[in-house]
Amino acid sequence: MGLPKSILTEDEDLAFERAAEERHVFVDGEVFSTAGESWEHGTASTNILRSLANQLDDGPCEARSGNTEVRIGPLPKSPKRPAGLYSYPDIVVVYGEPKFLDEHKDVLLNPKVIVETLSESTEAFDRGLKFVRYQQFNPTLTDYILVSQDRPQIEHYQRQKDSSWKYTIHQGLDAVVMIKSIKCKLNAADVYKRITFASETED
């Protein structure tokens, strides 16, 4: 199935996405294909999901993989308008009962923590428009974490009580990222397990 050539409404995008075999990102009426992931990207994402899932266990939170679509923004006033942003975070954590867009239960509205493993093709989007929308329209989101795949670096944005965001950068394989909102931590050594960086192979 090819990409639609015209601007879509949200309803049209949902119908297109539910019939498509591949995943897409919807941004204000435009639909974009998602690029395939590198081996390192997949390894880091799998390591993160495993770590968080083990820590959350039977608690009130649940970690999901990159097949969970999230709507970034308020509920639409009209399904016929093109405004809105739908994407698939690499890792999303939900606190308590998940809230969905409609009866299909395939578009999440209340993410608690989102982790994106950065890639060259999506980094600008993850750092820019996507995060701006999250800050403006998703009040349930408390933590936004960006994981580099080409070096041991994890960036952590935490929502404060006054709705501002605190930024912390963690570098090196000894780093530990504390995610207090869900009582979890990410050890860089675990995140980057089985990943060899270019600097390690150079003489």
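The values are calculated or read from the model by the stated rules, or taken from the named source; none is laboratory data. Not measured: the values here are computed from a predicted model. We place every Cβ from the backbone using ideal geometry, glycine too, and count neighbours over all the protein chains shown.
Looking at segment 100-128, which of its residues are small (Gly, Ala, Ser), in contact (Cβ under 8 Å) with a residue 40 or more places away in the chain and farther than 18 Å from PRO152 by Cβ? Full working, then the answer.
Pass one, segment 100-128, residues small (Gly, Ala, Ser): 119, 121, 124, 128.
Now drop any that are not in contact (Cβ under 8 Å) with a residue 40 or more places away in the chain, which leaves 119, 121.
The answer is SER121, and nothing else.
In segment 24-68, what count of residues is obtained for those that are touching a Leu at 6+ places or on another chain (Cβ under 7 Å) and at pLDDT 95 or above?
Residues that pass the stated criteria total 4.
Do we have TYR144 as buried (at least 18 other Cβ atoms within 10 Å of the Cβ), among the hydroxyl-bearing types (Ser, Thr, Tyr) and in a strand (DSSP E or B) here?
Criteria met by TYR144.
Could you please let me know if GLU97 is more than 13 Å from the chain's Cα centre (by Cα), modelled with pLDDT of 90 or more, more than 20 Å from TYR157 (Cα to Cα) and assigned to a loop (DSSP other than H, G, I, E, B)? First the steps, then the outcome.
Details: more than 13 Å from the chain's Cα centre (by Cα): yes; modelled with pLDDT of 90 or more: yes; more than 20 Å from TYR157 (Cα to Cα): yes; assigned to a loop (DSSP other than H, G, I, E, B): yes.
Here the answer is yes, as GLU97 does meet what is asked.
Just need a number here: residues in segment 133-158 that are over 21 Å from ASN187 (Cα atoms) and in contact with a strand residue (DSSP E or B) (Cβ under 7 Å, 6 or more places away or on another chain).
From segment 133-158, those over 21 Å from ASN187 (Cα atoms) are 133-141; that's our starting set.
Still in the running and in contact with a strand residue (DSSP E or B) (Cβ under 7 Å, 6 or more places away or on another chain): 133-135, 137-138, 140-141.
Result for segment 133-158: 7.
Need pairs with beta-carbon distance below 8 Å; first residue closer than 22 Å to ASP90 by Cβ and within segment 1-26, second assigned to a helix (DSSP H, G or I) and at pLDDT below 80; sequence gap 6+ or separate chains.
none
Quick one: what pairs do we get from segment 45-58, first residue more than 10 Å from ILE91 (Cβ to Cβ) and of a type in the set (Asp, Glu), second in a helix (DSSP H, G or I) and modelled with pLDDT of 95 or more, C-beta under 6 Å, 6+ apart or different chains?
none
If ALA124 meets every condition in (1) surrounded by fewer than 19 Cβ atoms within 10 Å (Cβ to Cβ); (2) in contact with a strand residue (DSSP E or B) (Cβ under 9 Å, 6 or more places away or on another chain); (3) outside any loop (DSSP other than H, G, I, E, B); (4) modelled with pLDDT under 95 apart from one, which number is that one?
Looking at each condition in turn, ALA124 falls short on (2).
Checking LEU141 against (1) under 15 Å from the mean Cα position of the chain (by Cα); (2) under 14 Å from ARG64 (Cβ atoms), only one condition comes out false. Which one?
In the conditions (1) under 15 Å from the mean Cα position of the chain (by Cα); (2) under 14 Å from ARG64 (Cβ atoms), LEU141 misses (2) alone.
For (1) outside any loop (DSSP other than H, G, I, E, B); (2) modelled with pLDDT under 95; (3) more than 15 Å from ASN47 (Cβ to Cβ); (4) β-branched (Val, Ile, Thr), each residue gets a yes or a no:
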residue	(1), (2), (3), (4)
ASP150	no, yes, yes, no
SER163	no, yes, yes, no
ILE169	yes, no, yes, yes
LEU186	yes, no, no, no
ALA189	yes, no, no, no
LYS193	no, no, no, no
